[in-house]
1. With a ≥ b ≥ c the root eigenvalues of the C-alpha gyration tensor of the range 192-284, is it rounded (a/c under 1.5), prolate (a/b larger than b/c) or oblate?
2. When Lys and Arg each count +1 and Asp and Glu each count -1, what net charge do the other residues less than 10 Å away from Thr227, Cβ to Cβ, add up to?
3. Would you work out which of Gly251, His228, Pro264 lies farthest towards the positive end of the dipole of the range 227-284, given +1 charges on the beta-carbon of Lys and Arg and -1 on that of Asp and Glu, about the Cα centre?
4. Find the Cα radius of gyration of the range 106-172, compare it with 2.2 N^0.38 Å by division, and give the number to two decimals.
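None of the figures in this text is laboratory data; all of them are computed from the coordinates on show. Everything numeric in this text was worked out from a predicted model, so none of it was measured. Cβ sites come from the backbone with ideal geometry, for glycine too, and all protein chains shown count toward neighbours.
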Amino acid sequence: MQAPTPTLTLSLVFALSACASTGGSADEVGSASDTIAESGSESSTAESGSTSAADTDATTNPTSTTNTSTTDSSSDTATDSSSDTMVDPGELIGQFVLTYYWFLFEGDYPGPDTTVLVDANCDPVATVPEQYAAEVCIEGSGKLTTGEIINVDGTCACGYACNGPKLCFTLLDPVEFPWGSGSSDNPLEPLRSWAVDTSVIPHGTVVYAPDWDGMDIPAIDGIGGFTHDGCFRADDVGGGIQGMHIDFFAGTTSMWNSLEAMFPSLEQEFAVYQNSPACAGFGG
């Protein structure tokens, strides 16, 4: 808050003295004081703008003003601090919305193994519960009770009908692909891999999302437990992922539920950048 100027202080003294010497009443003295206070407020407003507006509120509503002053101050500090310390976010790709997808474990699905999943040659690769087949064909990858990793491998005439398309599957090395494979035979990485429209974000592009920078990721199912730096990679594609829409690979169902509470699907747009210095050390 700006301190009152000496001119206003002297003016107040002169006014009080004048009233006293002429036998002025207490009301007259108060009126003179109010007039000078109003003059000082206008002068302060002209000189300091929004700061004086907060000062005026402080006079009329101390409780409210304390909160307002604190909020304004913290907001200015955050803005100044971020502008001083934040690195260049890079080249803006655009504003996106997100959804999530995750890895599925056959062991979480009770019921008899009645549904046969086949490869591109129509050879069986696994027999699983119907509910597991219906969901793994959407999410794209999962782990069988045998310990093998199963992954969608395109369409085939003899494949499993997954909401229309008939999909075939392949088995992957669990050491090389512990979370399944992306769209170019690349390992998926929980909390880092995105499925994208490659006409908007080319496959393999490292991207930076400032809204995720500094977000505390909980430790769930052996993943997470760190503060995110906002760096991700375009690792995958999806049939419903088109335009300014990304699908965030959460890893597990429990992690998805947690992230959904932090950053709900399709509820807000957020900026995504490429060639960001913030992700210079992130593997592409």
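1. Verdict is oblate for the range 192-284.
2. Around Thr227, the charge tally is -3.
3. Ranked along the dipole, the leading option is His228.
4. In units of the 2.2 N^0.38 Å rule of thumb, it is 0.96.
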